[in-house]
Each structure stands twice: as C-alpha cells, then as structure tokens.
Amino acid sequence: MARLLILEDERVMARHIQAALERAQYAVDVVDTIAGATHALGAVSYDLLALDRQVPDGDGAQLLDFMRQARLSIPVIFLSAHAAAADRVEALNRGADDYLCKPFETVELVARVAALLRRPRQVSVSTVAAGNIVLDKATHSAMVAGKPLMIARRESMLLEQLVFRSGKVVTREVLDAKLFGFGDAASPNAIEASVYRLRNALGELGADQRIHTVRGIGYCLAP
C-alpha cells in the first residue's frame, strides 16, 4: 500500500482529501506545517507528497526546494488556491510533478495521484556517508538519520570537508581556504562559530558522528 503525506493547514480540506485518498486504498498522513512535514519525512518513507503553498510557517515550495536539492525523488503534487498560470509554471519549474488548483474534485486528485505513482522512481548515486550523515556531492545537501539537515551555506561547506575526510584531521588552514574565498577574509573566531553551529545542528538530529577539536591543528569528524 502506497503511503502519502499531505501538507494542508485547512482542517476541513485536509479531512476531505484524507478521506478520499483512504477510500482509494492509500495510507495517508496529514500535517499542517513545513516543520511537521520535515519531521514526518525523516521518520517515514513516503511514496508521494501533496503540498499546499501557504501554510502557517511558510510556503510549501520551500520543502519542495530542499527535496529536489537533496535529490529526493518522491513525487510532489501541489494542491493550491494559487491558480494563475505563473504560479503553476513556477512550481513545475521548481521540480513539482503536478499542480492541482483549488477547488478540485477529489476524483481528479485520486486519478492524478495514481498517475504519479505509476511513474518510475529515480535514485541518486552521488552520495557519500559518514555514519548516519549522508551528503549528496552533486547538490551539497545532507541528511542525518534520514532527516533533512537545514544549515547555512558556510556550515554546509564545512560539513563537506569533514565528511570527505571522515576520521582524519582537517586543518584550520584547509578550512580557511575552503570556507573563505579571496576577498572574504575570516574573522578570528569565524571557523569556531561555524563549527559550533554545525555541532548543534548535527546533535539536534541525532548524528552518530561528532566534530572533535584537535587543539592547535583543526577538526575531525568521527564517532
């Protein structure tokens, strides 16, 4: 049985969608925020996502952006009241597989979901892992224990250097050169600040690798 995740903050609409899809023999989970959807994606393997655009903590397209950057191949259909052609084109260009404008007939939704699930899934092979940290080399995005790691660009660059050299010491000189380009000089504590933020982000998601400080030399990612 295919399992679907619905991001919809309007409760009556959410129940209506859930009931229609469950009648079509799908297992359906419903969340009303991007944060809730991100948590669900880290806990469950879904076969399809249906995303609303405007939800309490942002635009559902933000979740789509991360998924496509991370090369997650889960089909995505938008269910949105934004019916202008420009909105539909934008969503499709960002990586959506389909776009259904509200209001819609649930029979059409069920048919579109079935069509998307018939498509073959693509799998990314451009990943490198250190423990339960998985980094996609092509998109520079990462997952920790199956959960998306939301970090700033500089922390992402730092993580890349540590994962690529997992178990080895990465010197401050290397990090200085990789994280700060010409004309972008690092402040005395810039690397330490990035390490601190990255440590916290990894710890919050339950990473089984830690960033160890090798005093006077650099840092090492290891259990």
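List the residue pairs whose Cβ atoms are under 9 Å apart, where the first residue sits in segment 193-214 and is free of Cβ contacts under 8 Å to residues at least 12 places away in the same chain, the second is in a strand (DSSP E or B) and of a type in the set (A, V, I, L, M, F, W, C), and the two are 6 or more positions apart or on different chains.
Pairs found: Glu204/Val144; His212/Val169; His212/Cys220; His212/Leu221; His212/Ala222.
Of the residues Val12, Val28, only one is in a strand (DSSP E or B) and among the hydrophobic types (A, V, I, L, M, F, W, C); which?
Just a single option satisfies the conditions, and that option is Val28.
Take the residues of segment 138-155 that are β-branched (Val, Ile, Thr) and at pLDDT 85 or above: which is surrounded by the fewest Cβ atoms within 10 Å (Cβ to Cβ)?
Ile151
Every residue in segment 32-58 that is modelled with pLDDT of 85 or more, touching a strand residue (DSSP E or B) at 6+ places or on another chain (Cβ under 9 Å) and not aliphatic (A, V, I, L, M), please.
Result: Asp32, Thr33, Gly36, Tyr46, Asp47, Asp52, Arg53, Gln54.
Can you give me the ranges of the helices (runs of 4 or more DSSP H) entirely in segment 72-172 with at least 2 residues that are touching a helix residue (DSSP H, G or I) at 6+ places or on another chain (Cβ under 7 Å) and under 30 Å from Glu192 (Cα atoms)?
Result: 153-164.
Consider Pro103 against the criteria (1) of a type outside the set (Asp, Glu); (2) over 30 Å from Glu204 (Cα atoms); (3) out of contact with any strand residue (DSSP E or B) (no Cβ under 7 Å at 6 or more places or on another chain); (4) modelled with pLDDT under 90: it satisfies all of them except one. Which criterion is unmet?
Looking at each condition in turn, Pro103 falls short on (4).
Within segment 31-54, how many residues turn out to be without any contact (Cβ under 8 Å) to a residue 60 or more places away in the chain, outside any helix (DSSP H, G or I) and closer than 25 Å to Ala111 by Cα?
10
Quick one: what pairs do we get from segment 1-19, first residue in contact (Cβ under 8 Å) with a residue 24 or more places away in the chain, second surrounded by fewer than 15 Cβ atoms within 10 Å (Cβ to Cβ) and part of a helix (DSSP H, G or I), C-beta under 8 Å, 6+ apart or different chains?
Ala2/Leu117; His16/Thr106; Ile17/Thr106
Taking only pairs six or more apart or across chains, which ones have beta-carbon atoms under 6 Å, a first residue in segment 84-102 that is within 20 Å of Ile74 (Cβ to Cβ), and a second residue that is of a type in the set (D, E, K, R) and surrounded by 14 or more Cβ atoms within 10 Å (Cβ to Cβ)?
Here the result reads Gly95/Arg68; Asp98/Arg112; Tyr99/Arg88, each pair linking segment 84-102 to a residue that is of a type in the set (D, E, K, R) and surrounded by 14 or more Cβ atoms within 10 Å (Cβ to Cβ).
The values are calculated or read from the model by the stated rules, or taken from the named source; none is laboratory data. Just so you know, these numbers come straight off a predicted model, no measurement behind them. Heads up, the Cβs are rebuilt from the backbone with ideal geometry, glycines too, and the neighbour counts pull from every protein chain shown.
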